[in-house]
Amino acid sequence: MDTGLTTISEADIEKHRATAQSMITRIVVLEDSSGRSGTEIAGTGRRFVSTVSTGSVRRTREVELGKTVAAIRPDDQLMSIPQHTLLYRARRGISIALAVAAVFAEGSDLESLQARNARAPLEGEDASVFKKLLSASAYISAFSFASYLLQLIEADGEAPNDIEEPDFLFDTPQDALKSLIAGLDGALAGAKSDADLSVRAKSFARTAIEGLLSRKSRFDGLGTFENAHIRIESDDFTLDGFDVAPGQKRTKLVMTFKKPNEIIGNHIAKYQAMKLAKMLMAHDFDRQLNPFVELGGFLFTFIGDGAPGTGKTILIQMLAGLINDYCQVAGYPFHYENFGVDQISSYQGKSGQNCKQFVTNVINPRAIGFGTIDDIDQVAAKRSDDRASAGQQEVTGVLMESFAGATTVVRGNCSFGMFSNYPENVDDALRQRAGARWLVDGPQTRDDYIDIFVLLAGKNHKIPLGDHELFEAQVIQKAVTAAYEEHSKPQEEGLKKVYDRYLDEFGEPKTMSDIGAYLHLIKEAEPRFTGRAIKNVTDAIKMRAMDIELPDEWFEKPETFMHKGYDDKKAMIEELRGPFSMSMVMQEINRYADSEFRYSDRSDDVAVSNLLRDARLRERAVREMETMKAKGQWNA
């Protein structure tokens, strides 16, 4: 059970300031000798490494973090703003870590055991419990300090590969913090500039947290802290037990938002995007669950495909804008992030780390999240593609594990959208992890083209409209109904043949076994129509059963719906839903199967085009070779 929100007063933090100041000024630590000299070999920038093993030797080292930070700019006696900020964050982080350790001591038996131990050394069981809780307190202080640095230090740049874990000590909170300060000092020693200083500090914080989490199982006295929620308002710093918060502060989302009426065509995609925005706002932060996850119909992942210029970007802007507006009404934090080709690194393993951090940022259970992977065919590679970079292969693996892996937990607070002009180039297993397929084909009809021209042309003219009811074709319910009815029968030639063969053998489907027979025929024609494809189809059917329009009034004031308890939200949603019908089932099967056949046909078309081009080049080469032979130039 959650222990509720704990706020630490400024007075409780300030009483540790003197201790924190002394730690960043000068401390003496005892650490393992690595055989590495502290003095550079003249003119090389490298250090002497002894050939004699000194692994069991421990030595003392003086650590003066303030001097190390100041040494980045030795020609300037006054520290720069980034230098001063880093030192201040380190001191402030130590003070907060010690205050958090004190809160842990108050909430456990540690405080009383410390008082008794001060009067007389504890013995027996009491001594064992005291040691266990003191080590837990040290671990918590180290985790708090590393988390503070990770959340509060702002840095942009490629993380270095030479950051090492600190030599952790867990005897007391002070010892734990000294070991982290020594590790931070070592990480900063190689900094070349102010920007490098911040990047190395943030990278060290992330490395320290990874090391701490790998050691967490050694401590059995952490129980009361697991579900603690600690908030320091003045620093905008939050600790949710041992959950790793995203390694960046939330910044105001800067994006050109679009309204639904600014999108012409793409009726089903637009409709489902509008529904998804409202679904996300049903998330309950206390339960960390969304009623739509339990009732069915929640869209955790989807893929949007279409030709260039058909409206994928504007669809992202619309969906992000809707979620952002709802979150502002409810007072919820909203995090949008895009993962693109600029995050593919030449360093081995770094692309996978970047992708994992992207996923972690979006799924943060303390915020409403929306993540996009634009041009996913360039970011994630097919596993069979030998020409793809190692970074692209890493991203494919991370996304597959994150979207439908053994440890994937769908809470209903976030959604991921993959977009591509060439979805046939995406790995089959990754593409099938997209629970829904949005065909983004832009304006299609005569009315669509009139509407989009009038919308984009603006009003600086006196040209009459003519015989046309403006935007009548874009009325969402009417347009979506017509769009769904189009899928009552297949659209792709390959699926049409399967459908006609099914009707010839079985007639119109009426039962569940009829549907199963149709699915089996599709499987025979398209081997990629696997069990996961069936799951995606059934999820889409459940979403159609939840094809309810949550009233706009629910989202105008937070207390009407968004701030209600989980059970109340679930009951309000259940009142609106109805059963699904056979027509819905066939429409969703055809929509999904059409997309698979479309991807296969595109892939085949590309292969045929390449073969034709190669054949033409060979014929041209033969003709030019014969011409050169006739002129006697072939053997020249």
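A few comments on the model shown:
- Residue within region 90-103 that is open to solvent by 10 Å² or more (accessible area, probe 1.4 Å), over 30 Å from residue 361 (Cβ atoms) and assigned to a helix (DSSP H, G or I) present: yes
- First in region 607-636 and farther than 20 Å from residue 425 by Cα, second anywhere and hydrophobic (A, V, I, L, M, F, W, C) and not in a helix (DSSP H, G or I), Cβ under 8 Å, 6 or more apart: 625/634; 628/634
- Some residue of region 308-322 being under 17 Å from residue 574 (Cα atoms), open to solvent by less than 30 Å² (accessible area, probe 1.4 Å) and touching a residue at least 12 places away in the same chain (Cβ under 8 Å): no
- Among (1) of a type in the set (D, E, K, R); (2) touching a residue at least 24 places away in the same chain (Cβ under 8 Å); (3) out of contact with any Phe, Trp or Tyr (no Cβ under 9 Å at 6 or more places or on another chain) - the single one residue 387 does not satisfy: (2)
- Which listed residue, of 415, 402, is more than 28 Å from residue 563 (Cα to Cα) and not aliphatic (A, V, I, L, M): 402
- Of all residue pairs spaced 6 or more apart or on separate chains, those with beta-carbon atoms under 7 Å, a first member in region 114-129 that is in a loop (DSSP other than H, G, I, E, B) and a second member that is open to solvent by less than 90 Å² (accessible area, probe 1.4 Å) are 122/113; 122/130.
- Members of region 150-195 found to be free of Cβ contacts under 8 Å to residues at least 40 places away in the same chain, open to solvent by 70 Å² or more (accessible area, probe 1.4 Å) and more than 22 Å from residue 345 (Cα to Cα), listed by number: 171
- Taking the criterion of being surrounded by 14 or more Cβ atoms within 10 Å (Cβ to Cβ) and either of a type in the set (Asp, Glu) or at positive phi (or both), the only residue of region 196-218 that qualifies is 196.
- Scanning region 136-143 finds no residues that are free of Cβ contacts under 8 Å to residues at least 60 places away in the same chain, among the small types (Gly, Ala, Ser) and surrounded by fewer than 23 Cβ atoms within 10 Å (Cβ to Cβ).
- Matching residues, region 335-344, being touching a residue at least 60 places away in the same chain (Cβ under 8 Å) and open to solvent by 30 Å² or more (accessible area, probe 1.4 Å): 336
- Conditions (1) surrounded by 20 or more Cβ atoms within 10 Å (Cβ to Cβ); (2) part of a loop (DSSP other than H, G, I, E, B); (3) touching a helix residue (DSSP H, G or I) at 6+ places or on another chain (Cβ under 7 Å): number failed by residue 332: (3)
- Pair list, Cβ under 7 Å, 6 or more apart: region 345-367 residue farther than 18 Å from residue 380 by Cβ and at pLDDT below 85, other residue open to solvent by less than 10 Å² (accessible area, probe 1.4 Å) and polar (S, T, N, Q): 365/413
- Take the conditions (1) out of contact with any Phe, Trp or Tyr (no Cβ under 7 Å at 6 or more places or on another chain); (2) surrounded by fewer than 24 Cβ atoms within 10 Å (Cβ to Cβ); residue 147 misses just one of them, which is (2).
- Elements of the type helices (runs of 4 or more DSSP H) sitting completely within region 378-481 and holding at least 3 residues that are touching a Lys or Arg at 6+ places or on another chain (Cβ under 7 Å) and of a type in the set (Phe, Trp, Tyr): there are none.
- If you check 511, 560, 530 for being open to solvent by 40 Å² or more (accessible area, probe 1.4 Å), under 26 Å from residue 438 (Cβ atoms) and of a type in the set (Val, Ile, Thr), only one passes: 530.
- Residue in region 393-401 that is exposed (fewer than 15 other Cβ atoms within 10 Å of the Cβ) and within 30 Å of residue 291 (Cα to Cα) present: no
The values are calculated or read from the model by the stated rules, or taken from the named source; none is laboratory data. Computed from a predicted structure; not experimentally measured. Neighbour counts are summed over all protein chains in view; Cβ atoms, including those assigned to glycine, are modelled from backbone coordinates with ideal geometry. Areas reflect the complete protein model, heavy atoms only, side chains present, ligands, DNA and RNA absent. Shrake-Rupley method; radii C 1.70, N 1.55, O 1.52, S 1.80 Å.
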